[in-house]
Structures are given as C-alpha cells and as structure tokens.
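First comes the structure, then the notes that go with it.
What follows draws every value from the coordinates through simple rules; no lab data is involved. Here the structure is a predicted model, which means the values were calculated and not measured. Methodologically, a virtual Cβ is constructed for each residue, glycine included, from the backbone with ideal geometry; neighbour enumeration extends over all protein chains shown.
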C-alpha cells in the first residue's frame, strides 16, 4: 500500500496550523541532575486534525503533551498556539487525563462539573447554554442532575470531556483517556470523539499505547522513540470517512497501517 510505510517530516504539507512545536527540548530534575526527556520535537497540528501519538514507555509522550499544554516548561525550542509563543497554559487548549474519577468533583452534579471551568468567567445564561451544548455533544443530556459516582466509568469520562468542551477549546490534548475502559466502552468513546471533532472543528492530540486505536482515530500518527524521545516516523492515515468500528478495522489498509506502526515502534527495541 502506498502510505502504510510513508515517512514525512513532522507536519509536512500542513496548512492552517492550530499548534506548532519547534525543536522542543524538555529537561526535568532527576535525583540531583537534569535529565533530557524529549529532544528536538518539531511538529504541526492542523486545524481540525486528529493527531495520535504512540511510542514505547519512557519516550516522553506525556511530557510532550504537558509541554504543549503549558504545564511543563520547555528547556529549548518553542511551542506556538495560533502563531503565538506559549508562556503558560493557553485559554483555548485543554488537557484531558486518564484518571476521570479523580478529575471530577463527586459532590457536584454532572451539569455543575461541566460548568466548573466557566462558571466564574461567564454569565449564568451563557454557562447554562454551554453546559447543555457540551452534554448534548457527548450524549449525556439526560444525566445532567446525576452525580459522577452514579455513572459508569465511560460516562464519567464523557463528563470530563464535556467539561473540556464547555471551554470551547481550539485544541484538546488527551493522555490515554480510554486506557482504563472496557473494549466496548472504548469503541463507543472513540466514535464519540470523532463525531465531536466533526461537529466542532476542534483539533485533537491523542496519546495512546493502543496501535489500533491510534490508526482508527488518527488523520496522522506520530511515533516517538528513544530516550530522550524523538520523532521516529510520521504516518499519514488515508482511511475513508466516516470510520466504522467493524468495516474500517477490516480494511486491508487498516491492517497495513497497524503493521507499519507496530514495526516503527518495534525498531525501538531492535
């Protein structure tokens, strides 16, 4: 297949970048020395793109995501959002982590959890509208007055995603958000994210250890390798849309992408 083994420079041919990393280096204090975690990471995230990031443990995937979200300072290079250099957490970039149960306030209703990030910045009418819109996007309109502890794990993760969507982000950064979910719930959530992207035009950067998940969701896949982590390969994923859990995963192209990404990650240990 033409593009299963396609290599390209990160972000080559990109237009309308929402996000850009330019030769990003991150060093963190480890015992009494500074350890370089990622080195010379350069990539673009296009407007409305779903970019997935994979790599072996220890290649700096979460560190890269935190740097992109303004939570971890860079030691070199720069991160730009809409062409402006990042100097802290940007207003229109939101991070969603894996641990949904601790991210939610269990004593607040679903609706008030979703409102948490905007209730002090917007008037009550606007807050209410954004909460309703966000819950509708993730299919939780009927659960607005429930409490997180009354919901399944998948539904709690939807609440966390709805809270992020209420902020109307241009970019959503997600760190293995479905890793703790069962297979059927994970599949449902994957489709939900693709629908949200199509409806809102939000750009997604999504870290996963699941190669099939990376292929199913991604418009492009970035493979990190090494310690410090560097970009090993970028795959342009040319699967037809809309994607379907059964038919898409049975396509010969899907299997070829899966194999090629697995091989690229495997070179880490070769």
Taking Cα pairs under 8 Å and at least six residues apart, what relative contact order does region 99-168 come out at, in percent?
50
FRET efficiency, 1/(1 + (r/R0)^6) with R0 41 Å, evaluated for residue 123 and residue 212 via beta carbons:
0.40
Expected max-MSF residue from 69, 128, 48 in the GNM of the chain (alpha carbon, under 10 Å) is 128
Could you work out how much longer the chain between residue 244 and residue 262 gets when fully extended? Use 0.36 nm per residue separation minus the Cα distance between them, nm to one decimal.
4.3 nm
Please compute the alpha carbon radius of gyration of region 99-168, then divide it by the globular-protein estimate 2.2 N^0.38 Å. Two decimals is fine.
0.96
Kirkwood hydrodynamic radius (Cα pairs, Å) of the chain?
19.2
CD proxy at 222 nm, helix term only [per DSSP H run n ≥ 4: -39500 (n - 2.57); per residue of the chain; nearest 500]:
-9500 deg cm²/dmol
Compute the relative contact order of the chain as a whole-number percentage, counting only Cα pairs closer than 8 Å that sit 6 or more residues apart in sequence.
28
Can you give me the Cα centroid spacing of region 183-207 and region 127-181 in angstrom?
12
Using Cα atoms only, what is the angle between the long axis of helix 124-137 and the major principal axis of the chain, expressed in degrees (0 to 90) to the nearest 10?
60
With R₀ set to 25 angstrom, the calculated FRET efficiency between the beta-carbons of residue 36 and residue 78, to the nearest 0.05, is 0.90
Going by the alpha-carbon gyration tensor, a ≥ b ≥ c the square roots of its eigenvalues, is region 24-124 rounded (a/c under 1.5) or, if a/c is not under 1.5, prolate (a/b greater than b/c) versus oblate?
prolate
Using label points projected 7 Å from each Cα along Cα→Cβ, tell me how many nm separate residue 251 and residue 28, to one decimal.
3.6
Mind pulling the angle between the C-alpha long axis of helix 252-266 and the longest principal axis of the chain? Nearest 10 degrees, somewhere in 0 to 90.
70
For 36, 199, 220, what's the fewest-to-most ordering of other Cβ within 10 Å of each Cβ?
199, 36, 220
Take the Cα of residue 180, step 7 Å along the line toward its Cβ, and report every residue of region 153-170 whose backbone nitrogen sits under 17 Å from that point.
153-164
Relative to the longest principal axis of the C-alpha atoms of the chain, give the angle of the C-alpha long axis of helix 183-200, reported between 0 and 90° and rounded to the nearest 10°.
80
